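Student: I have a structure I would like to understand better, so I am pasting it below and will then ask my questions one at a time.
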Amino acid sequence: MVADNVRTVTDYTHKSLKEVDDMAPQFGFPPEMQSRFAREAMGMERTGLSYFRLAPGFRIPFGHRHVDQEEVYVVVKGSARIKVGDDVVQLDELDAVRVSGDTMRNLEGGPDGAEVVVFGERATQDESEMVPGWWSE
């Protein structure tokens with residue numbers, strides 16, 4: 001099957017993450033943030049995959065955690081800071097950080113912004129907690 005630049009065959013799905021719908025506007029977030037959740041677009045059953053684009057210095061306005069689903073954050077362009085629990089970690093291009101599921105976390109774009117790919121186990125809304133304003137200095 002080939003449609004909308006997606007190729008799905010029995011064993012794999014190929015799609016550009018930049019073509020996945022940006023959900024940030026639907027959640028009322030400003031244009032300084034793009035969030036593209038690719039699990040459904042890729043036909044994944046057990047894995048979550050997201051692409052975030054953050055403007056320079058933009059901090060996601062909430063922290064979050066999951067019941068027990070760990071995630072890995074990979075900066076693919078630019079730089080970012082991630083707050084994990086009480087620690088703030090600088091991330092440069094191709095740096096990766098693993099976060100255990102029940103640990104609160106949040107991202108902030110670096111001086112040139114950031115493009116970040118996040119993957120981990122699938123988490124439902126019932127298995128996730130969002131805390132507005134969690135990272136404030």
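The values are calculated or read from the model by the stated rules, or taken from the named source; none is laboratory data. The shown structure was predicted, so the numbers you read here are calculated from the model rather than taken from an experiment. Cβ: placed from backbone, ideal geometry, glycine included. Neighbour counts: every protein chain shown. Areas reflect the complete protein model, heavy atoms only, side chains present, ligands, DNA and RNA absent. Shrake-Rupley method; radii C 1.70, N 1.55, O 1.52, S 1.80 Å.
Conditions (1) farther than 21 Å from G101 by Cβ; (2) touching a strand residue (DSSP E or B) at 6+ places or on another chain (Cβ under 6 Å); (3) in a loop (DSSP other than H, G, I, E, B); (4) hydrophobic (A, V, I, L, M, F, W, C), marked per residue:
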residue	(1), (2), (3), (4)
K18	yes, no, no, no
D21	yes, no, yes, no
P31	yes, no, yes, no
G48	no, yes, no, no
H64	no, yes, no, no
G78	yes, yes, no, no
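Student: Same structure again: Is it the case that some residue within segment 86-107 is part of a loop (DSSP other than H, G, I, E, B), open to solvent by less than 40 Å² (accessible area, probe 1.4 Å) and at pLDDT 95 or above?
Tutor: Looking through segment 86-107, none of the residues is part of a loop (DSSP other than H, G, I, E, B), open to solvent by less than 40 Å² (accessible area, probe 1.4 Å) and at pLDDT 95 or above.
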